């Protein structure tokens, strides 16, 4: 049941996002197939399906990097500006880059513990 009144614009957003989420889970195999909500028009349904497919493509194409995101985030100070060269050098020494990573298709980049660092979704999400 949708907790948002049907006459609110947010109700459509809620239905669409819920459908994308369930469709994504269905594509990656953690839920059975889902029927689209009849309240959404065909253009929005197609967009939702495209988004779910694109997200699933990325999720099913993980790349792991040798990086500890949690420790790195703990090492950062609040509102770090990135313009202190000494600080940047210190961070680079403690957390050296692991080399060049070339992404050419939808991908999720994971740190060495499986934490999603980045969703890479190249190009358009919707085809016209």
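Can you give the angle from 0 to 90° between the axis of helix 42-59 and the longest principal axis of the chain, with both taken from C-alpha atoms, to the nearest 10?
Helix 42-59 sits at roughly 30 degrees to that axis.
Roughly how many nanometres apart are two label points built 7 Å out from the Cα toward the Cβ at residue 60 and residue 87?
Distance between label points: 4.3 nm.
Order the peptides 75-86, 10-21 from the highest to the lowest mean number of other Cβ atoms within 10 Å of their residues.
Answer by packing, highest mean first, reads 10-21, 75-86.
Taking the highest mean first, how do the peptides 25-37, 58-70 order by number of other beta carbon atoms within 10 angstrom per residue?
Result, highest mean first: 58-70, 25-37.
Would you order 89, 39, 104 from fewest to most other beta-carbon atoms within 10 Å of each residue's own beta-carbon?
104, 89, 39
Order of 22, 112 from fewest to most other C-beta atoms within 10 Å?
Details: 22 19, 112 12.
Placing the least packed residue first, the sequence is 112, 22.
Take the chain, connect every pair of alpha-carbon atoms lying under 10 Å apart with a spring to form a Gaussian network, then pick out the residue of 43, 116, 102 with the largest mean-square fluctuation.
Evaluated over the chain, the most mobile residue of the options is 102.
Which values, in whole Å and largest first, are the semi-axes of the equivalent ellipsoid of the chain obtained as the square root of 5 times each eigenvalue of the Cα gyration tensor?
37, 18, 14
Once you have the Cα-Cα distance between residue 77 and residue 113, take 0.36 nm times their residue separation minus that, and quote the gain in nm to one decimal.
10.7 nm
Please give the helix 9-27 orientation as an angle from the longest Cα principal axis of the chain, in degrees from 0 to 90, rounded to the nearest 10.
70 degrees
log₁₀ I(q)/I(0) of region 3-44 at q = 0.15 Å⁻¹, via Debye over equal Cα point scatterers, no solvent, to two decimals?
-0.39
Defining a contact as two alpha carbons under 8 Å apart and six or more residues distant in sequence, what relative contact order in percent does the chain show?
In percent, rounded to a whole number, it is 24.
Read the figures in this text as sums done on the coordinates, not as results from a lab. All values reported here derive from a predicted model rather than from experimental measurement. For neighbour counting, all protein chains shown are included, and Cβ atoms are generated from backbone atoms with ideal geometry for every residue, glycine included.
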